[in-house]
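Remarks on the structure that follows.
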Amino acid sequence: DRYRGEGEIGGSQGLGQLFLRSLLFLLLAGPPAPRPAGGQLRYAVPEELEHGAFVANLGEDLGLDLSTLSARRFRIVSRAGARQHLEVNLENGILFVNERIDREEVCEAGGTCLLHLQLLVESPLELYRVEVEVLDINDHAPTFPWQEYVLEVAESAVLGARFPLESAQDPDVGTNSVRTYRLSPNGFFSLEVQTRSDTSKFAELVLERTLDREQQRTHRLLLTAFDGGVPERSGTAHILVTVLDANDNVPVFDQPSYGVSLPEDAPAGTLVIQLNATDLDEGPNGEIEYSFSGHAPLRVRELFHIEPQSGQVLLKGPLDYERTSLHELYVQAKDRGPSAVAVHCRVLVHLLDVNDNAPEVTLTSVSTPVLEDAPPGTVIAVISVLDRDSGDNGRVSCEVSPDVPFELRSSFRNYYTLVTTQALDREVVPEYNISITARDMGSPALLTRSTLTVPVSDVNDNAPRFLQPSYSVYVMENNAPGASICSVSALDPDCQQNAYLSYSIADGHIHGMPVGTYVSINSDSGHMYALRSLDYEQIRSFQIQVQAQDAGFPPLSANVTVHIFVLDQNDNAPVIVSPMPRNGSVATELVPRSARPGYLVGTVSAVDADAGLNSRLSYQLLQATDFTLFSMAPDTGELRTLRSFLEQDATRQRLVVQVRDGGQPALSATMSLLLSVVETMPQTFSDFSEFSLPAEPSSSSPLTLYLLVSLGSISFTFLLAILILTAIRCPATCLDMPGGGPPGYCYKVCLGPESAQSDFMFLKPCSPPRNNEKDSGKQSQPGQHLQVSKQVTLRASVLPDPQQVPPALSFSLCYAFPRE
């Protein structure tokens, strides 16, 4: 017995009642032995089996060597998108259930349900056809569309009158479908079971006893439908019979049954048939309404429509001959009288097959690409064609274009193998696009064209080629280490491993450092990554060499240059270089009270290490003791007066200046400026903002010499002036007394390498308080001296070379003036 062990389900435990019934079915009936059907094997398997259920031992039945099944790629060939219900185990050649099969889903129409399998084994190529019949099991019970029906019967109905009842529906087929109906015992009606042309069953009530509405107006019956499965399943529905007053006449159809033919491609709205029923009554009792009988199948109601008044049967949905070739319609007619009684007729709609299905072509690639030295007769692919039409409309021929070195050879009906007819030369034709045409025999004929691409393999005779002769990459500075900066790509016209490329970076140095410390590359994809954060202020551009090498033997390679440009980012805030704060973050300046509008108080200077817009600076006055006094030029940083000083203006003006660059987002720096308003400016260096060093000194030595000579001369002049004034104005004893000396002002000037503008000025008494002043909180007495000091610092930024800046120089000047 070729099927010993059938029913053994690997890995299935705890199966439900449904599977137990399927197993019982197998044990009792036993599957039929495989038998050839036109050169093919045929098996049977019940539906709803679990995954892994045994179907057949294909390796044994086909006489294949089980040890070579895997090497020869033994497999089931399916159409694209088709569900794989069955699968083959390559270790033992057993055909098993891959996924649960629902017969009602796989085969919607009744009759035999077959799964057509195409088995393929290579080296050498062999093709087998197998049919697996899916056997129905009784997994559905009959059901009625409604649980209760109302049937109206006139009390004048004659004995033997028949009343069709609603049919029960059971998706199962054969003996598992509806087999019979039974009616609950009663004294007025009996039940007769009728058979349709498609062997389905329906029931009719037969009146056995005269009805009397005065005695009993309603009758309740129970209708039960039974299928023929094992075990038997059933479904019930309640029938309410309402007895109506007698009606003189009932409608009568021209004939009890009608037949009509209709092409399957008929559009919606097509007239199928015109029904005609007559009623001898007049008025409402003679007006007839048409409708489907209660036992008309649901599928019929979806496809057809009946006009209630005219009796026209119209097409409502699309027809499909390949799904169902015959539709059976049950129509009833009744008048509008108070005691209307329905009469019934049957309409058989035969569908005519139309060539509305083009052939379907399925390509199964076997050995592509093909070697250019492959001998003639080498199998390239297996091709199957299918046409769902019938007769000549379903017969198909298949051919390829004549201008290619390939041909089709038929092995089974509607199955072909594509083979080579001559030697191939890849240097002449590297790839073939084979057009396959399948044409049916219908009128007019329908055809389908499908293209199979067959590449020809080669040797490694082509070097990689980059898509661009060079690459230019722009990277924003301050990038994150490890960030992707660009991607290079190369192509190789070869195929397989000869076209597999790996990327690398050639050895080199960037600013004395190995190039591998700056960038890396993904050897497979060509993506390049920065290994360090780049700084525009340190490096603005560099270039590297990237190599692409294939995996052929011997390997071939190509190089490309990648230019990397670093883009500036606004990562440096402005730095205020003038005036330089000397007291924390506050710079000071003197302003004469007599200054007129537009007087240049000083210039704020700043620098920014960035470039472009990021280094374009703008100046703004953020805060001021009095905004009406001063204004600032946004471009140059010049601070000027807006009006003249008034008596009530404060003598100390505090300003806050902001310097902002043009980057996004903008960076800024602020400084505080303290302005002292004085009555008169010193004659010498009255405005230190006007003091500047030569723009481009040639060397540090002349500059130092000039400063020393100038300071020495000034010091000598002031010292001589002090001695002369002291000798003339003051007695000798005045010099020893703290308050006896002549009142005056003392100026202190400091020059250094950091600034070319004055930083601050301040006023202080020239001599300490007198010893006889007991109250330290009193104000200075008339005659007390005031000392004015001014410090000037030279900044290194004004010199061409910071190494040429001389050491800081300073001097003090003191003048004595009597206080008012």
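The values are calculated or read from the model by the stated rules, or taken from the named source; none is laboratory data. In this text the structure is predicted, and so the values were computed from the model without any measurement. Ideal geometry is used to build each Cβ from the backbone, glycine not excepted, and the neighbour counts take in all protein chains shown. In case anyone asks, the SASA skips ligands and DNA or RNA and just uses the protein heavy atoms, side chains included. Shrake-Rupley method; radii C 1.70, N 1.55, O 1.52, S 1.80 Å.
With the simple model of a label 7 Å out from the Cα in the direction of the Cβ, Leu567 to His509 spans 3.1 nm.
Once all protein chains are placed together, His350 keeps about 80 Å² accessible to a 1.4 angstrom probe. Calculated FRET efficiency, Val429 to Glu126, Cβ-Cβ distance, R0 = 35 Å: about 0.75 to the nearest 0.05. Hey, how many Å between the Cα centroid of region 241-287 and the Cα centroid of region 89-119? So the two Cα centres are separated by 45 Å. Computed over the alpha-carbon atoms, region 242-346 gives an Rg to Rh ratio of 1.03, Rh here being the Kirkwood radius from the mean inverse distance. Here the Karplus relation 6.51 cos²θ - 1.76 cosθ + 1.60, evaluated at θ = phi - 60°, turns the backbone of region 250-263 into coupling constants of 10, x, 9, 6, 4, 8, x, 9, 10, x, 8, 10, 8, x Hz, with x for every Gly and Pro. On the beta carbon distance between Ser668 and Leu720, with R0 = 41 Å, the FRET formula returns roughly 0.25.
Label reach from Ala558 (point 7 Å along Cα→C-beta): in region 458-483, amide nitrogens under 20 Å belong to 458-473. Annotation: Glu302 carries an accessible surface of approximately 90 Å², with a 1.4 Å probe and no ligand, DNA or RNA atoms counted.
Here the gap between Glu307 and Ser410, fully extended at 0.36 nm per residue and compared with their Cα-Cα distance, gives a gain of 31.8 nm. Compared with the alpha-carbon gap, the fully stretched path from Gln623 to Val77 is longer by 188.0 nm at 0.36 nm per residue. With the simple spin-label model, which puts each label point 7 Å out from Cα in the Cβ direction, the Ala266 to Ser710 separation comes to 11.7 nm.
For the residues Tyr471, Tyr500, a 1.4 Å probe over the protein chains yields an accessible-area ranking, largest first, of Tyr500, Tyr471.
The figure for Leu531 is an accessible area of roughly 80 square angstrom, using a 1.4 Å probe on the protein chains alone. For Lys334, Lys316, the ranking by accessible surface with the largest value first comes to Lys316, Lys334, using a 1.4 Å probe.
The H on the amide N of Ile485, modeled in the peptide plane, is under 5 Å from the matching H of Met528, Tyr529, Ala530, each at least 5 residues off or on a different chain.
Cβ-Cβ distance of Asn478 and Met681, R₀ of 60 Å, FRET efficiency by 1/(1 + (r/R0)^6): the value works out to about 0.80. Against the criterion of solvent-accessible heavy-atom surface with a 1.4 angstrom probe, Thr421, Thr603 sort, most first, into Thr421, Thr603.
The modelled label-to-label distance for the pair Thr278/Glu214, using points 7 Å beyond Cα in the direction of Cβ, is 3.5 nm.
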